[in-house]
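> Once you've had a glance at the structure underneath, I'll fire off some questions.
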Amino acid sequence: MNPKTQLQQLTEFLLSGMKPFVTANSIDAWQDGGKLIISGEDLGIGFQVAKWKHNAVILIENFPHHKVNPYSLLAMLAAFLIDSGWPRDEYGLQDPTLDIDIISSDNATLVIEVELMDDIDLLPDDSGPVLFNGSRYTVALVPVNVAESIDVQVVPGGAA
């Protein structure tokens, strides 16, 4: 469970894959509009009140296209989106687009636009800022408990 947004995770992932040739000072990211998808799903110990489907923009200045293979960047972007686990087709998330502006023989400016989605979950918190269903909550990812084993008992003479 990662408390960071998909955009923060993607930006950090790309930056780590391009070091030392691209530094944190050369990359910027922001959300540019989106749609709030209301759900109100009870997750047991908390609620998922919505999903935030948004347009993300990542700007990379001074991209050294002779030191970092541009196809490596494209592969990193695709790998992150595949590994993110979001059912992109189910939510109609568009594939990324890139705008490349060659500045000199050594560097370029890249603008990556991609649709991302984040869960907006609530956990009970008596001093939380969100009043929902008569109780106070704070925004945080609700942990998902996954069974590690299952105990199956066969009843003699039971139905198959």
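> Mind listing just one residue for me: the one in the range 33-56 that is open to solvent by 90 Å² or more (accessible area, probe 1.4 Å) and touching a strand residue (DSSP E or B) at 6+ places or on another chain (Cβ under 6 Å) and, of those, modelled with the lowest pLDDT?
Residue satisfying both the conditions and the ranking: 41.
> Looking at 41, 12, which one is within 22 Å of residue 96 (Cβ to Cβ), without any contact (Cβ under 8 Å) to a residue 60 or more places away in the chain and not aliphatic (A, V, I, L, M)? Write out each step before concluding.
Numbers: 41 fails: within 22 Å of residue 96 (Cβ to Cβ).
Result of the check over 41, 12: 12.
> Can you spot a residue in the range 110-118 that is at pLDDT below 90 and out of contact with any Phe, Trp or Tyr (no Cβ under 6 Å at 6 or more places or on another chain)?
The initial filter retains those residues of the range 110-118 that are at pLDDT below 90, namely none.
Taking every residue of the range 110-118 in turn, none turns out to be at pLDDT below 90 and out of contact with any Phe, Trp or Tyr (no Cβ under 6 Å at 6 or more places or on another chain).
> Looking at the range 4-27 only, could you name the residues that are loosely packed, with under 15 Cβ neighbours inside 10 Å and of a type in the set (Ser, Thr, Tyr)?
Passing the criteria: 16, 23.
> Being modelled with pLDDT under 90 and closer than 16 Å to residue 97 by Cβ is the filter here, so list the residues in the range 57-85 that pass it.
Within the range 57-85, 70 is the sole residue that qualifies.
> Looking only at the range 71-95, how many residues end up being part of a loop (DSSP other than H, G, I, E, B) and open to solvent by 40 Å² or more (accessible area, probe 1.4 Å)?
As a first pass, look at the range 71-95 and keep what is part of a loop (DSSP other than H, G, I, E, B): 84-95.
In the following step, the residues that additionally are open to solvent by 40 Å² or more (accessible area, probe 1.4 Å) were identified as 85-87, 89-91, 94-95.
Looking only at that region, the number is 8.
The values are calculated or read from the model by the stated rules, or taken from the named source; none is laboratory data. Note that this is a predicted model, so its numbers are computed, not measured. Here Cβ is always computed from backbone atoms with ideal geometry, including for glycine, and neighbour counts include all displayed protein chains. Heavy atoms of the whole protein, side chains included, go into the accessibility calculation; ligands, DNA and RNA do not. Shrake-Rupley method; radii C 1.70, N 1.55, O 1.52, S 1.80 Å.
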